[in-house]
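**Q** Mind having a look at this structure? Questions to follow.
The values are calculated or read from the model by the stated rules, or taken from the named source; none is laboratory data. Quick caveat, the model's predicted, so the values are computed rather than measured. Every residue, glycine among them, receives a Cβ derived from its backbone with ideal geometry; neighbour counts consider all protein chains shown. For accessibility, only protein heavy atoms count, side chains too; no ligands or nucleic acids. Shrake-Rupley method; radii C 1.70, N 1.55, O 1.52, S 1.80 Å.
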Amino acid sequence: MAAPLPAEMAVVVVLALFAASLWIPYIVGVNMHPQPGVDPFERPADLSGFPQWVHRAHRAHLNLLEQLLPFAILVLIAQQLGAFSPLTYWASIGFLVLRVAHAIGMISGHARFPARPILFTGGWVCCLLMGYAALTSGT
């Protein structure tokens, strides 16, 4: 029988599934507001022609991908080094909560300045904490 999945790895799985699904709001918006004279299979339409929430949905997806890749790599390194600890557990949970809140807030338009940059920066801090755990695992 396999060992249970550590929380840090479970968070990466959930976030990977979230990232794999976050294209859906953008595609729904693009299809709800087709741009005249544009064949989206030849070249995607300019985002400025869509409602603001469609553009924000696109950015929310990109923002998640920007932070998920480094975070996932750091989690995998920490796992390989046996560096999982309460710090990595809470950094993972915090990262998940922050990334979901960021996406919801960004797409809905409710997370404006300073909330959205704070949410994004919080995710970056979680990456730093995971990197710290990996770098100090041998000491």
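**Q** Suppose we keep only residues that are open to solvent by 40 Å² or more (accessible area, probe 1.4 Å) and at pLDDT 95 or above within the range 7-23. Which one would you say is nearest to Leu69 (Cα to Cα)? Before you say what the answer is, go through the steps one by one.
**A** First, pick out the residues of the range 7-23 that are open to solvent by 40 Å² or more (accessible area, probe 1.4 Å): 13-14, 16-18, 20-21, 23.
Cutting the leftovers down to at pLDDT 95 or above gives us 13-14, 16-18, 20-21.
On the way: Val13: 12, Val14: 13, Ala16: 9, Leu17: 13, Phe18: 13, Ala20: 12, Ser21: 15 Å.
Checking each candidate, the answer is Ala16.
**Q** Examine the range 40-55 for a residue that is within 25 Å of Pro6 (Cα to Cα) and either open to solvent by less than 60 Å² (accessible area, probe 1.4 Å) or assigned to a helix (DSSP H, G or I) (or both), and state whether such a residue exists.
**A** no
**Q** Kindly indicate whether any position in the range 2-18 is without any contact (Cβ under 8 Å) to a residue 24 or more places away in the chain and either in contact with a Gly (Cβ under 9 Å, 6 or more places away or on another chain) or at positive phi (or both).
**A** Looking for residues that are without any contact (Cβ under 8 Å) to a residue 24 or more places away in the chain and either in contact with a Gly (Cβ under 9 Å, 6 or more places away or on another chain) or at positive phi (or both), one finds none in the range 2-18, hence no.
**Q** Of (1) of a type outside the set (Asp, Glu); (2) surrounded by fewer than 20 Cβ atoms within 10 Å (Cβ to Cβ); (3) in contact (Cβ under 8 Å) with a residue 12 or more places away in the chain, His102 satisfies all except one. Which?
**A** Going through (1) of a type outside the set (Asp, Glu); (2) surrounded by fewer than 20 Cβ atoms within 10 Å (Cβ to Cβ); (3) in contact (Cβ under 8 Å) with a residue 12 or more places away in the chain one by one, His102 breaks only (2).
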